[in-house]
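Trainee: Here's a structure for you.
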Amino acid sequence: MKKTLLLFGICILSSMSMNAQGDYGFIYSQNPNKDNRCSYFNNYFKQKPKEVYFSIVEENSNLYFEVTDKNWALKLFKKSGDGIAVDIVSKSRYTCDKDVDASQIRGTILKPVFAKQLIRGFKPTLGNRFRTFLGIVPEKLRNDELEFNILFLNNKVLCRYQSTYNLESYPWDLLDMGVYLDSLIYKDKKITTSDKFTTKYKKLKFVIPFEKNKSEYLPKDIKPLYDSLKLTNFNIKKISINAYSSIEGSLKRNLELQKQRANSIAESLQSFQKPDIVTKISSSENWVEFLNDISKSNYKDLKKLSKRDIKQKVVGKVSNDLEQFLKNHRKAVITLELEKIDKYKDMSIGQLVTNFNDLLSKDNLNEALIVQNSLIEKLKKEESPNAIRGLNIPKQKKYINLLNKSSIFKYVFKLAYAKIAFDELKMLEKLAPKNKKIKYNLIVTKFVIWNNNWEKINITEFKKEIINLKKYGIKQHLIDRMLVNYHIVKAKKNIRAKQYKAKDTSVEFILDTYENFNLSNYDYLSLAQFLIYYSHIDDATDLLDDKVREITIDEDLLYYYLNLTITNDYNVASDNYRTIMLNAINLNKKRFCKLFDPSSEDGVTFQLLENSYLKKTYCESCVKE
């Protein structure tokens, strides 16, 4: 999925004892936080609305200061000596064969641009932002990997040195509310898949422990598990196996063993059904639980060692002593996605339509519902929704469930059909004014209409309609989910109107309410992205804190959390945080290494390598010897 980029500033608060290349006539303050010459700047930045962002943008070697609020920037530069200089930083500063020098100025400083020129240069640009020209990248640096830090000058005194970084951003959306067909069906909200309604009626997750050195699993080993799932009406559509070995021994051997174990499980499950099972297997050493568990043992000091050193220590007596923990680290976490068996799957669309109409003429409504389900699944797969019009369903209350499904399917098939579905559902509401499925689906489609400004919505009345769903048998946790969506849309509209306090009220409601219902991984990611977009960084971090400590954490969630928190040196110094990073490396080392790419190339920032621990980790994990 294509990602967008969101830039945030990080203030560097250490002493400003610096050596610049060239003398551009400005003064380096030794302590900007206490320097009276910086008091106006310090106060102005403290009062900056959190919704205001700024960054340095490079286009064809031209550098621009870009800001979301032009008026805020204009008031920043009051005196003729107020201005900006750019520090151009090259990644070559961070080669693994040398230490990073302690200089706060990290690269090449361009000539400052002061208030008059800055203010005169501001022009509107894409995304409702404004930019002003700052200078040109020197030719000698143009082949380097570069980033651009900002020096803010208050009456020619350097009062603020600031870098920017990338926050990986997924397009956030409303929480998935699902729609009522026969039952409440949700969308397949996986980050890497298209946004279609799922055919899967069940998703199961369980854990199989491994015995030490055992790699084969026979059908008879798996049969009790298969029987316990009661899969008589379902086929396994997809199986995802995350296989974990304990950390002692050879990495190569551990990964081979885990892959063998995972394959044997998949083959055993496949033996119980004819349709092929799509299988995804990953294997890794279980460092996360190992580091968590040894904290409770006499070997807790092992956490301070590198992975290579730990492996050398966990042999013989140490290995035997730790076996009480290691035995729990050998396992497979298995996720099964199940699809209901469709007895009409071999019928063509035309045959299904004919069969449905025949059943309806015989008043066999139960079987007609089953045929209609099969038809809907086939129409989705073949992307031909028009055949639904061939169903001859009388506009009578006794057929309301069939009518509801035919109408809401238009929205299920394509979001743009939400208004058509809404209008049809309003007509059905007259037939069955208390039908909870109709009521619920009306609210879902109305959200789409409101969110996309397709027609004017009375938001006070709309909120009452959501709350009143309880009268028709809709459970409170579903209503709470809708109310969170109500405030997501409301916040978006408030931010566009620059009504920041009203936006914050909606965000506070969301923070107070989301724990009332279960969140999927996509929901967590979507909510975190929503909070970041509206400048509630701490709340987004708190939202994900507990999730990222699980070994079964979704990869996108884990990396979003890292992207959000890895710029904080306090986090990086924590043993628990380092365990989280280790989990990320195990899940996807290539993606971890990409965090240290230039911010212009979708990395967070290579200036993370100012941190000695991160540099050591990067050089060990990402740089080939």
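Trainee: For the range 118-142: of the residues being among the polar types (S, T, N, Q) and part of a strand (DSSP E or B), which is surrounded by the most Cβ atoms within 10 Å (Cβ to Cβ)?
Mentor: Ranking the qualifying residues of the range 118-142, first place goes to THR132.
Trainee: Under 6 Å between Cβ atoms, which residue pairs at least 6 apart in sequence (or on different chains) link something in the range 609-622 that is closer than 23 Å to SER103 by Cβ with a partner that is assigned to a helix (DSSP H, G or I) and of a type in the set (Phe, Trp, Tyr)?
Mentor: LEU609/TYR94
Trainee: List every residue pair whose Cβ atoms sit under 9 Å apart, with the two residues 6 or more apart in sequence or on different chains, where the first one lies in the range 297-315 and is at pLDDT below 90 and surrounded by 15 or more Cβ atoms within 10 Å (Cβ to Cβ) and the second, anywhere, is polar (S, T, N, Q) and assigned to a helix (DSSP H, G or I).
Mentor: Close Cβ pairs (under 9 Å, with a partner that is polar (S, T, N, Q) and assigned to a helix (DSSP H, G or I)) amount to LYS303/THR579.
Trainee: Out of LYS475, LYS419, LYS493, LYS439, which single residue is modelled with pLDDT of 95 or more and outside the structural domain of THR68 (by TED's automatic domain parsing)?
Mentor: Sole residue among the options that is modelled with pLDDT of 95 or more and outside the structural domain of THR68 (by TED's automatic domain parsing): LYS439.
Trainee: Right, something else. Being modelled with pLDDT under 85, exposed (fewer than 13 other Cβ atoms within 10 Å of the Cβ) and in a helix (DSSP H, G or I) is the filter here, so list the residues in the range 354-388 that pass it.
Mentor: LYS381, GLU382, ASN386
Trainee: Which one is surrounded by the most Cβ atoms within 10 Å (Cβ to Cβ) among residues in the range 499-523 that are among the aliphatic types (A, V, I, L, M) and under 15 Å from HIS487 (Cβ atoms)?
Mentor: Filtering the range 499-523 for residues that are among the aliphatic types (A, V, I, L, M) and under 15 Å from HIS487 (Cβ atoms), the one surrounded by the most Cβ atoms within 10 Å (Cβ to Cβ) comes out as ILE510.
Trainee: Please work out which residue is modelled with the highest pLDDT, limiting yourself to the range 18-36 and to residues that are on the phi < 0 side of the Ramachandran plot and more than 42 Å from the chain's Cα centre (by Cα).
Mentor: Here the residue is ASN36.
Trainee: What about SER526, is it on the phi > 0 side of the Ramachandran plot, assigned by TED's automatic domain parsing to the domain that holds GLU461 and either surrounded by 15 or more Cβ atoms within 10 Å (Cβ to Cβ) or among the acidic types (Asp, Glu) (or both)?
Mentor: So SER526 does not fit the description; no.
Trainee: Those residues that are in contact (Cβ under 8 Å) with a residue 12 or more places away in the chain and of a type in the set (Ser, Thr, Tyr), I need them from the range 36-77; list them, please.
Mentor: TYR40, TYR44, TYR53, SER55, SER61, TYR64, THR68
Residues are listed down the side, and each one gets a yes or a no for (1) in a strand (DSSP E or B); (2) at pLDDT below 90:
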| residue | (1), (2) |
| --- | --- |
| ASP144 | no, no |
| ASN149 | yes, no |
| LEU153 | yes, no |
| SER163 | yes, yes |
| ASN166 | yes, yes |
| PRO171 | no, yes |
| ASP176 | no, yes |
| ASP182 | no, yes |
| LYS189 | no, yes |
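Trainee: Next question, about the same structure. Which pairs have Cβ atoms under 6 Å, sit 6 or more apart or on different chains, and link a residue in the range 557-586 that is within 19 Å of SER599 (Cα to Cα) to one that is surrounded by 19 or more Cβ atoms within 10 Å (Cβ to Cβ) and among the acidic types (Asp, Glu)?
Mentor: Note: pairs meeting the criteria are ASN563/GLU168.
Trainee: Of all residues in the range 43-81, which are in a loop (DSSP other than H, G, I, E, B), more than 12 Å from PHE130 (Cβ to Cβ) and out of contact with any Leu (no Cβ under 6 Å at 6 or more places or on another chain)?
Mentor: Listed by number, the residues that qualify are GLN47, LYS48, PRO49, LYS50, GLU51, ASN60, SER61, LYS78, LYS79, SER80, GLY81.
The values are calculated or read from the model by the stated rules, or taken from the named source; none is laboratory data. Given the structure is predicted, the values throughout are model-derived calculations rather than measurements. Backbone-built Cβ (ideal geometry, glycine too); neighbour counts: all protein chains shown.
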